[in-house]
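Asker: Quick one: structure below, then a few questions.
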Amino acid sequence: MTIAASLPVARTQRNLAPLCVAAASFLLLLVSGDSLLHDPDTLWQIKVGQWILDHHAVPWTDLYSLTRQGEVWLSTSWLSQVLFATTYAGWGWAGPVVLTAAAIALAMALLLAFLQRHLDLPYALVFCLLMMTLAAPHLLARPHVLALPVMVAWSGALMTAADRGRAPSFLLLPLMALWANLHGGFVLGLALTGAIGLESLWRAAPARRLALAVQWATFGLGALAASCCTPYGLDTLLGAARILNLGKSFSVIAEWRPADFSSFSPFAGALLGLLGLALTRGLSLSPPRVLLILGATWMALAHVRSIETFGVLVPLVLAQPLSGWIKSVSEPPRGLRMAPGAPAALAAMAILLATASATATFAAHHTFEFSTAQTPVAAADVLAERKAARIFNSYGFGGYLIVRGIRPFVDGRSELFGEKFLMDYFAAEDGRDVPGLLRMLDEFGIDATLLTVDSPAAQILDHIKGWKRVYADKIAVIHMRDDQQITTPPK
């Protein structure tokens with residue numbers, strides 16, 4: 001209600017565009033729902049969520065890995081994990097698919113609603129489509145997607161306050177508490193409070209700046225306190241800090257790598273479009289808005305994971321300045337106009353009921369399946385048959401091993417392992433440090449390795465005395481020490 005109240009439209013009329021876009025996005029994602037189940041990390045997220053439900057507590061130490069068992073690990077996405085585990089337990093893979101699709105659809109609707117404050121519907125839709133295109137590679141059944149609508153709502157509400165030259169309402173603080181329980185990316189929201197606050201001060205009359213600065217600072221302290229309203233309390237900030245302190249290891253983790261411009265991509269097109277807009281239209285922005293765009297661009301260039309953040313923030317920052325040279329119509333398009341009162345409620349209810357009916361019908365006739373194209377199912381069966389307990393695995397296999405009850409050497413919880421361990425591990429697994437590889441195998445008493453077929457470490461072990469390749473398929477390769485009993489792999 002707070003967000004809706006901050007989105008006034010001409011002549012007290014609201015249009016159905018955000019709801020229509022949400023419904024269309026949701027149904028499109030539902031039909032292609034299996035594409036949301038392509039990340040092995042989804043598996044361990046559900047397992048952690050189930051552990052939380054079973055124990056009525058959140059984990060404080062590592063419960064799953066071979067190399068970090070018992071060390072401090074805080075699940076900064078505990079609420080998302082519980083939601084995924086609950087929906088999976090109730091409806092199988094249809095549950096996480098519907099939950100993820102609903103979160104993305106809600107984010108799209110919120111972004112469109114915020115943009116329509118300044119832009120006519122066609123232009124606002126273009127920006128929404130851009131956001132969806134940029135975020136597409138990272139739209140998966142994982143906690144960051146459940147936090148996406150919260151990020152849009154928080155960023156949009158702060159920009160609304162800045163556009164009006166005032167401080168945000170304290171009624172927004174529960175959004176920060178929700179964000180902090182859903183995903184560790186809430187630190188971005190804290191940073192945006194200060195950055196967008198500068199825009200509000202820039203727009204304000206000099207006589208009001210001191211009082212306004214105090215209001216924004218008070219709100220920022222409130223946001224900081226709200227971010228600690230989690231089962232971990234103040235340690236929530238510690239958990240987020242550990243993620244941010246991974247340093248050089250970001251460069252070797254796929255989703256944290258810098259953007260690649262060796263071929264054309266939607267992100268490259270967005271940057272060129274932004275540059276062309278500035279050059280052809282002579283768009284003039286305030287220094288704080290320039291800094292916001294530059295900051296979002298730098299984040300996206302540094303880490304591909306931040307490209308979706310770029311897709312959300314840049315349109316919100318540009319919407320108000322663009323309204324000066326993109327003339328909006330005085331009324332919403334007739335076909336999408338929502339009249340006040342009962343007709344509006346009936347129209348919205350009809351859309352919701354139609355969407356719910358289509359969802360139930362499709363889910364009843366379609367079985368969602370988790371992708372096993374990159375999951376070492378057969379290889380894990382071999383390891384279980386041979387009772388291998390101490391396994392050196394490729395990074396991407398860690399989540400699946402957790403689900404199979406096998407302790408991985410390393411998995412997707414990068415903050416648990418730390419920068420030095422990850423850098424040493426990737427140097428060994430990539431074949432850049434053969435002595436380091438052999439040292440790790442001996443130091444941790446490894447009796448089997450589970451590596452991707454193209455792993456340099458797998459090729460190296462083919463030529464290392466004391467190790468023997470015992471299984472291989474199109475996904476994974478297993479090596480075991482020569483003194484291990486060799487049996488025929490299952491067909």
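Asker: Using Stokes-Einstein with the Kirkwood hydrodynamic radius over Cα pairs, what translational diffusion coefficient do you get for the stretch 377-481 at 25 °C and a viscosity of 0.890 mPa s, in µm²/s rounded to a whole number? If you can, show how the numbers build up before the last one.
Answerer: Working: Rh = 13.6 Å.
For the chosen part, D equals 181 µm²/s.
Asker: Quick check: net charge around residue 204, other residues with Cβ under 14 Å of its Cβ, Lys/Arg +1 and Asp/Glu -1? Don't skip to the answer; put the middle values down first.
Answerer: Numbers: positive: 164, 166, 203, 208, 209; negative: 163, 199.
Once all neighbours under 14 Å are counted, the net charge is +3.
Asker: Which of the aspartates and glutamates could a cross-linker bridge to residue 468, judged by Cα under 16 Å and excluding same-chain residues fewer than eight apart?
Answerer: 442, 447, 482, 483
Asker: Mind ranking 293-306, 141-154, 190-203 by how tightly packed they are, going by the mean number of other C-beta atoms within 10 angstrom, highest first? It would help to have the intermediate numbers written out before the result.
Answerer: Numbers: 293-306: 17.7, 141-154: 25.5, 190-203: 19.4.
Order by mean packing, descending: 141-154, 190-203, 293-306.
Asker: A follow-up question, please. Please tell me the relative contact order of the stretch 377-481 in percent, rounded to the nearest whole number, where contacts are Cα pairs under 8 Å and at least six residues apart. Mind dumping the intermediate values first?
Answerer: Numbers: 151 pairs, mean separation 27.6, N = 105.
Relative contact order for the stretch 377-481 comes out at 26 percent.
Asker: How much length is gained if the chain between residue 248 and residue 202 is pulled fully straight, taking 0.36 nm per residue apart and subtracting their Cα-Cα distance, in nm to one decimal? If you can, show how the numbers build up before the last one.
Answerer: Values: separation 46, 0.36 × 46 = 16.56 nm, distance 3.61 nm.
Result: 12.9 nm gained on full extension.
Asker: Could you work out how far helix 186-203 tilts from the main Cα principal axis of the chain, as a 0 to 90 degree angle to the nearest 10?
Answerer: 30
Asker: Under a Cβ-Cβ cut-off of 10 Å, what is the net charge of the residues other than residue 303 that fall near it, where Lys and Arg count +1 and Asp and Glu count -1? Present the calculation step by step, with values, prior to reporting the outcome.
Answerer: Values: positive: 257, 305; negative: 255.
Once positives and negatives cancel, what remains is +1.
Asker: With every atom except the alpha carbons ignored, what do you get for Rg and Dmax of the chain, in angstroms?
Answerer: Both quantities, over Cα of the chain: 24.8, 82 Å.
Asker: Of 47/248; 387/465; 420/465; 248/465; 248/387, which sit over 31 Å apart, Cα to Cα? The partial results should precede the final answer.
Answerer: Working: 47/248 29 Å; 387/465 22 Å; 420/465 28 Å; 248/465 33 Å; 248/387 36 Å.
The pairs that break the limit, which is 31 Å between Cα atoms, are 248/465; 248/387.
Asker: Between residue 38 and residue 213, what length in nm is gained on full extension when 0.36 nm per residue of separation is reduced by their alpha carbon distance? Mind dumping the intermediate values first?
Answerer: Working: separation 175, 0.36 × 175 = 63.00 nm, distance 4.54 nm.
Gain on extension, residue 38 to residue 213, equals 58.5 nm.
Asker: What number, rounded to the nearest 500 deg cm²/dmol, is the helix-based mean residue ellipticity at 222 nm of the chain, given -39500 (n - 2.57) per DSSP H run of at least four residues and division by all its residues?
Answerer: -18500 deg cm²/dmol
Asker: In nm, what is the difference between 0.36 nm times the number of residues separating residue 28 and residue 136 and their Cα-Cα distance? Intermediate results must be reported in sequence, preceding the final value.
Answerer: On the way: separation 108, 0.36 × 108 = 38.88 nm, distance 1.26 nm.
Additional length available on full extension: 37.6 nm.
Asker: Here's a follow-up. Relative contact order for the chain using alpha-carbon pairs under 8 Å, separation at least 6, rounded to a whole percent? Write down the numbers at each step before the final one.
Answerer: Details: 704 pairs, mean separation 95.3, N = 491.
Relative contact order, the chain: 19 percent.
Asker: I've got another one for you. Where does helix 287-302 land angle-wise versus the long Cα axis of the chain, in degrees 0 to 90, nearest 10?
Answerer: 20
Asker: Any idea what the relative contact order of the stretch 78-219 is, in percent, if you count C-alpha pairs under 8 Å spaced at least 6 apart?
Answerer: Details: 131 pairs, mean separation 36.2, N = 142.
Relative CO of the stretch 78-219 lands at 25 percent.
Asker: On to the next question. For the stretch 25-100, what is the largest minus smallest coordinate of the Cα atoms on each principal axis, given in angstrom and ordered from greatest to least?
Answerer: Computed over the stretch 25-100, the largest-to-smallest principal extents equal 42, 24, 18 Å.
Asker: Sort 316-322, 182-188 by packing, meaning the average of other beta carbons within 10 Å per residue, with the highest value first. Mind showing how you got there, number by number?
Answerer: Details: 316-322: 22.3, 182-188: 23.9.
Going by the mean number of other Cβ atoms within 10 Å, highest first, we get 182-188, 316-322.
Laboratory data are not the source of any read-out in this text; all were calculated from the coordinates shown. Fair warning: this is a prediction, and the values are worked out from it, not measured in the lab. Backbone-built Cβ (ideal geometry, glycine too); neighbour counts: all protein chains shown.
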